[in-house]
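The values are calculated or read from the model by the stated rules, or taken from the named source; none is laboratory data. Keep in mind it's a predicted model, so treat the numbers as computed, not measured. Quick reminder, even Gly has a Cβ in these numbers, built from the backbone with ideal geometry, and neighbours come from all protein chains shown. Note: areas computed on protein heavy atoms with side chains; ligands, DNA, RNA excluded. Shrake-Rupley method; radii C 1.70, N 1.55, O 1.52, S 1.80 Å.
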Amino acid sequence: MFQQLKDLSLYEQAELLTKMLVKRKSYNGTHGEKDKAEFIKDILVSFPYFQKHPDHVWVQEIKNDGLDRKNIFAFIQGKSKQTVLYHAHIDTVSTEDYGPLQKKAHDPDALRRFFQSYDGDEKVQKDAESGKWLFGRGALDMQSGIAVHLANALYYSEHPEELEGSLLLLFNPDEESQHAGMIAALAELERLKKEENLTLLAAINNDFISPLYEGDCKRYIYTGAAGKILPCFHVFGRVAHVGDGLKAIDPTYITSEINRSINQNPRFMERIEGEFVLPPSCLYHRDDKVSYNVQTPESSKIYFNYFMYEKTAKEVLKEMVQIAEAVCRDYGQTLLERNELFRNIHGLPERNLDMTIEVVTLFEFMENLKREGRDPEKALERVLKETMGLDTRERAFKMVEVLQQLDPDKNPRVVVFFAPPFLPHNYLNVENEFGTKTKKALEERLNKISEETGEEFVVKRFFPYLADGSFLSLHESDDEIDYLTKNIPMMDELYPLPISRIRNLNIPSINIGVYGEDGHKWTERLYMPYTFGVLPEVIREVTGSFWAMDVG
């Protein structure tokens with residue numbers, strides 16, 4: 001590969017590498033992730049530096065991974081062990097959204113020709129006609145990010161005089177799902193810190209950025225990443241035949257009202273000045289029926305994608321419980337009123353109906369069961385074994401379901417809990433000296449580049465979407481983490497997260513992203529003049545600022 005790259009400009013190197021990476025499928029949850037990792041390794045070992053230092057490129061196998069996926073590491077030794085980490089994810093989403101064009105989803109040239117004559121979207125057509133945009137699945141998210149890191153690694157390996165510190169590269173799978181690659185990489189980062197005496201100053205991710213509104217031309221740099229939690233509601237009702245349907249407590253009514261209250265509701269957005277924050281979104285909502293019958297549903301499930309910026313999981317769960325309590329209180333009153341109206345219409349005698357619906361967190365429910373002499377942990381362990389191979393969220397719901405079965409009365413209730421994945425929020429703490437120095441160094445270099453290029457940079461605290469950088473530091477207290485783990489069923493087995501390792505590493509995560517539009521859409525495209533012409537230098541300038549920092 002080096003022979004194809006050596007006579008090209010850095011812009012041309014990044015473009016060629018991007019196209020070659022896009023052409024190779026690496027959909028999340030497929031063997032393509034493993035194959036792409038091997039391809040990236042082959043590129044690295046072709047560089048003269050790694051020909052001389054073959055032990056500076058290595059593979060980390062991801063333990064207990066059914067797809068045998070792996071992380072690729074590379075290290076370029078500089079004048080000191082003060083090290084900056086470059087990382088990017090290998091996987092992409094799949095291509096069903098391309099429809100009839102699916103066979104061309106990995107062919108940037110064919111897609112460009114198609115969109116040049118596509119009149120369904122004038123802006124996309126103009127972008128294709130300009131020749132400045134590169135189309136294709138993963139072009140933006142984030143094969144171009146891998147390419148830019150590789151091109152910069154080649155640059156540094158050929159300009160050792162600029163290596164005031166050292167450079168560590170990490171290319172990992174599974175960012176689009178469970179983040180298994182980055183979570184596994186934490187152990188290797190910890191080993192390098194201890195055994196090789198590396199000081200990991202900062203991590204630079206280059207996951208994609210896009211305009212935040214029509215006509216927005218700013219280049220956003222993020223000094224942290226949003227966190228994420230999945231609040232779940234498992235609602236257990238009271239079954240009735242449709243001939244006496246008003247006796248039922250319908251769980252689908254409750255989850256529907258919870259959905260109406262939470263889904264896409266800006267009320268739950270954190271108010272952080274200057275930051276682009278997002279409301280919760282419903283990712284899953286269904287009842288337990290598997291076939292037709294004339295009974296009302298027994299249970300219903302719903303969960304939400306909930307971004308966290310400064311908020312903690314404990315605060316989120318408290319909000320969710322309050323919503324469920326309000327919904328159940330209103331629904332219970334509504335049922336009583338409807339029964340009374342029904343009785344009056346038919347001239348029926350009064351009947352005593354209990355429409356009480358308990359709302360309880362997972363931890364509270366388990367503690368209640370223990371007080372009644374039950375053994376919830378044993379039940380959860382059994383379900384964990386029986387559900388191997390199922391979706392992680394489904395396993396969590398099945399564990400909550402078995403707890404409901406332990407209640408001999410099986411009272412109507414809403415169990416509020418969390419399911420994986422949990423992503424910590426990662427942000428630069430400017431209240432300490434290191435955070436202040438980092439922010440100052442970053443802004444000074446960006447101002448310099450802005451004067452040279454005319455690009456307008458804006459520094460923000462939180463990358464507004466999900467990113468692997470979330471796992472590089474932790475701001476929650478031990479008590480807050482303890483509260484979280486108590487409300488995820490069997491978290492240590494279902495979603496083992498090395499909390500202490502993340503806390504000990506504590507690596508600031510900066511996102512200096514490739515630029516384009518429509519990530520995860522069939523019109524996904526990358527703006528090449530900035531991504532290949534400006535971004536590599538921006539990343540090197542910021543890298544230099546970290547190496548120059550006094551971190552003593």
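Details
- Boolean, I249 is at pLDDT 95 or above, closer than 25 Å to F422 by Cα and surrounded by 16 or more Cβ atoms within 10 Å (Cβ to Cβ): no
- Once the range 51-67 is narrowed to residues that are assigned to a helix (DSSP H, G or I) and of a type outside the set (D, E), the residue that is farthest from D518 (Cα to Cα) is K52.
- Pairs meeting the criteria (first residue in the range 508-527 and under 16 Å from K218 (Cα atoms) and among the polar types (S, T, N, Q), second residue assigned to a loop (DSSP other than H, G, I, E, B) and open to solvent by less than 20 Å² (accessible area, probe 1.4 Å), beta carbons under 6 Å, at least 6 apart or on different chains) are N511/D207.
- Looking only at the range 136-156, residues that are within 17 Å of Y86 (Cβ to Cβ) and of a type in the set (G, A, S) come to 5 in all.
- Single match in E319, E325, E275, E337 (criterion: closer than 21 Å to R238 by Cβ and surrounded by 13 or more Cβ atoms within 10 Å (Cβ to Cβ)): E325
- Residues that are farther than 21 Å from E196 by Cβ and assigned to a helix (DSSP H, G or I), drawn from the range 35-50: D35, K36, A37, E38, F39, I40, D42, I43, P48
- The selection criterion, being surrounded by 22 or more Cβ atoms within 10 Å (Cβ to Cβ), out of contact with any Asp or Glu (no Cβ under 9 Å at 6 or more places or on another chain) and within 17 Å of L85 (Cβ to Cβ), does not hold for I209.
- Conditions (1) within 22 Å of N511 (Cβ to Cβ); (2) in contact with a Pro (Cβ under 6 Å, 6 or more places away or on another chain); number of the one not met by V235: (1)
- Residue within the range 419-435 that is open to solvent by less than 20 Å² (accessible area, probe 1.4 Å), among the aliphatic types (A, V, I, L, M), out of contact with any Asp or Glu (no Cβ under 6 Å at 6 or more places or on another chain) and modelled with pLDDT of 95 or more present: yes
- Of the residues making up the range 365-381, those that are more than 25 Å from R286 (Cβ to Cβ) and part of a helix (DSSP H, G or I) are E367, N368, L369, K370, R371, E377, K378, E381.
- Hey, R24 open to solvent by 50 Å² or more (accessible area, probe 1.4 Å) and either aliphatic (A, V, I, L, M) or under 17 Å from I146 (Cα atoms) (or both) or not: yes
- Hey, L526 part of a strand (DSSP E or B) and either of a type in the set (G, A, S) or open to solvent by less than 20 Å² (accessible area, probe 1.4 Å) (or both) or not: yes
- Just one of the listed residues (S450, S477) is modelled with pLDDT under 95, open to solvent by less than 70 Å² (accessible area, probe 1.4 Å) and in contact with a Ser or Thr (Cβ under 9 Å, 6 or more places away or on another chain), and it is S477.
- Residue count for the range 68-107, restricted to those that are open to solvent by 10 Å² or more (accessible area, probe 1.4 Å), in a helix (DSSP H, G or I) and in contact (Cβ under 8 Å) with a residue 24 or more places away in the chain: 3.
- Matching residues in the range 488-506 - criterion: being surrounded by fewer than 22 Cβ atoms within 10 Å (Cβ to Cβ) and either over 30 Å from N197 (Cβ atoms) or in contact with a strand residue (DSSP E or B) (Cβ under 8 Å, 6 or more places away or on another chain) (or both): M490, M491, D492, E493, L494, Y495, L505
- If only residues of the range 111-162 that are part of a loop (DSSP other than H, G, I, E, B) and either touching a strand residue (DSSP E or B) at 6+ places or on another chain (Cβ under 6 Å) or within 13 Å of E15 (Cβ to Cβ) (or both) are counted, the one that is most open to solvent (accessible area, probe 1.4 Å) is K132.
- Residue count for the range 252-270 under the criterion of being within 14 Å of P297 (Cβ to Cβ), of a type in the set (S, T, N, Q) and either open to solvent by 10 Å² or more (accessible area, probe 1.4 Å) or outside any helix (DSSP H, G or I) (or both): the result is 2.
- All helices (runs of 4 or more DSSP H) inside the range 382-491 with 2 or more residues being under 30 Å from G544 (Cβ atoms) and out of contact with any Gly (no Cβ under 7 Å at 6 or more places or on another chain): 433-453
- Of all residues in the range 271-318, those being assigned to a loop (DSSP other than H, G, I, E, B) and either within 13 Å of K228 (Cα to Cα) or of a type in the set (V, I, T) (or both) number 12.
- Hits in the range 344-362 - residues which are under 28 Å from A324 (Cα atoms) and either free of Cβ contacts under 8 Å to residues at least 40 places away in the same chain or outside any loop (DSSP other than H, G, I, E, B) (or both): R351, N352, D354, E358, V359, V360, T361, L362
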